[in-house]
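Shown next, in structure tokens, is the structure this report addresses.
Every number here is computed from the coordinates shown, using simple stated rules; none is lab data. As the structure is a computational prediction, the values presented were derived from the model and not from experiment. Cβ placement follows ideal geometry from the backbone for every residue including glycine, while neighbour counts extend to all protein chains displayed.
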Amino acid sequence: MRRIAHATMMAVFLGTAALPALAQQGPLAPVAYVNNSAVTRYEVAQRVRFMQILRAPDANPDAALQALIDDRLKMQAAEQMDIRVTDEGLEAGLAEFAGRAGLDTAGFAAALASEGVERQAWRDFVRVSVAWREVIRQRVVPGISVSDREIEQELKQEIQTPIITQVLLSELVIPAPPGQEAQAQAIAQRLSETVRSEAQFAAAARQYSAVPTAPEGGRLPWTSIDNLAPGLREILLRIPEDSISAPLSVQGAVVLFYLRDTRGRLRAGASDQTVDYVELALPSAAEGAQILSVADSCDQVYVQANRFAGDVIQRHSLPLSAVPLDVAQRLASLDPDEGTVIDYGRGARLVMLCKRTPTLIDEPDIATTLPGLPTPARREAVQPPPSAADAPSAENAASDAAAAAGLSTGEPPLRSRDEVRAAIFNRKVNAAADAYLAELRADALMRRP
């Protein structure tokens, strides 16, 4: 009897001792600790499935684990700042997320559940997003600013960047018959992560592609960008030359493209310049040389002009083609706030360039920055008399409206300054947020079981 009791107690003890070992192999087993906060195997599996449903790149366990580690760091940062996600805030975040898929919260949760993702995994994901957004709003956003110079530089770059009109592509089409979609997607995902050259893409196309271009490595001839479907056009314009696209799922197949080359043209008027400059009429070239020795800006030229009687200074903002030839030739070689003197024998003219701007983005501002200075005159470009073809009509009005929007030649319109400001601001915020997250990673105590 005593032996039976002893054996029973040993069985209970061994069974209890075995529980942690069983847990270590189960779905709730920790796979990482982030400042003593555990990330479980189940969370990783749920995140992988969630990423797959969202068609996120790198939908694999390693990427999912890193994302969950980052989530822990973000929530810990929020807690340190006493940021709490309210029930109302969470529900608003869930509704916003579901709305992107055209569903309400319940509908999106049901769709996830049908694909094997529990509602809690989605709620946790959104909770982190809401909390981190507030962390960034409080910690990062107040230190971000965008200058007018940055906006102008980005607009200049946009003008100088050719508009792509043709693309040289290679294609790879992997069949995905019913029941084999996951395998096709896995192959495409692996290729998109490992192919680094056209030669590698061509080899993969010969091995996997099921379309007639496969023997040629998937190579296609030059194709007009206008002949592509709008969705595909948008995707291709976002990837750099000599790179592969992300996998694109279509009916019965998964498709990859490799962008080998592009052709393009500058938008109409891209090379036209508007110059903002001052002219100062002087008795002699020596006077001009003396002024240039002390004046290092257009505003300083105004100060020096006070020494002379009469209306001797003017400021103009004109297309370079409308500037008098003798002045235009001098302005062509000047940098902003650099001047020169034109000697006419019986007098001289000091000319200083204030600003040079592409005409497409010019917003003339001829007011001086120093108070109390005379207001400069603005010379308007002389326009030819209107012809009969220019007479007001509905057709001309429509043409003018299209041209103003950059649509007359099929060109995308330039972004507004507000749009550019917002884009630069968001880039700076994202960069600062990434830097802060990198700091959190560096300072964290992370370990594997």
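For each of SER224, SER129, count neighbouring Cβ atoms within 10 Å of the residue's Cβ, then give the residues from fewest to most.
In increasing order of surrounding Cβ atoms, one gets SER224, SER129.
Neighbouring Cβ atoms within 10 Å as the yardstick, rank TRP222, TRP122 fewest first.
Neighbour counts put them in this order, fewest first: TRP222, TRP122.
So if I take the centroid of the Cα atoms in the range 295-315 and the same for the range 112-142, what is the distance between those two points in Å?
59
Using the Cβ atoms and a cut-off under 12 Å, what net charge is assigned to the surroundings of GLU193, where Lys and Arg are +1 and Asp and Glu are -1?
Charge balance near GLU193 sits at 0.
Can you list the HN-Hα couplings for the range 157-174, worked out from phi with the Karplus curve (6.51, -1.76, 1.60; θ = phi - 60°), rounded to whole Hz and with x for Gly and Pro?
My calculation for the range 157-174 gives 5, 5, 5, 7, 7, x, 7, 5, 10, 9, 10, 10, 10, 10, 10, 9, 10, 9 Hz in order.
When the gyration tensor of the range 273-361 is built from Cα positions, what are the square roots of 5 times its three eigenvalues, in whole Å, from largest to smallest?
Square roots of five times the eigenvalues give 21, 14, 11 Å.
Counting Lys and Arg as +1 and Asp and Glu as -1, what is the net charge of the other residues whose Cβ lies under 12 Å from the Cβ of GLU150?
Net charge around GLU150: +3.
Ranked by Cβ crowding within 10 angstrom, fewest neighbours first, how are ASP261, ASP124 ordered?
Ordered from fewest to most neighbouring Cβ atoms within 10 Å, ASP261, ASP124 come out as ASP261, ASP124.
If a/c stays under 1.5 just call it rounded; otherwise compare a/b with b/c (prolate if a/b is bigger, oblate if not). Do that for the range 93-165, with a ≥ b ≥ c from the square roots of the Cα gyration tensor eigenvalues.
Verdict is oblate for the range 93-165.
Would you mind counting up the charge near LEU440? Only other residues with Cβ under 15 Å from its Cβ, with Lys and Arg at +1 and Asp and Glu at -1.
That works out to -2.
If packing is taken as the average count of other Cβ atoms within 10 Å, what order do 334-346, 179-191 fall into, highest mean first?
179-191, 334-346
HN-Hα J couplings of the range 349-359 from phi, Karplus 6.51/-1.76/1.60, θ = phi - 60°, integer Hz, Gly and Pro as x?
With coefficients 6.51, -1.76 and 1.60, one gets 9, 8, 10, 10, 7, 8, 7, 10, 9, x, 4 Hz.
Based on Cβ point charges of +1 for Lys and Arg and -1 for Asp and Glu, what charge dipole magnitude is obtained for the range 163-265 about its Cα centre, in debye rounded to the nearest 20?
Once rounded to the nearest 20, the dipole reads 100 debye.
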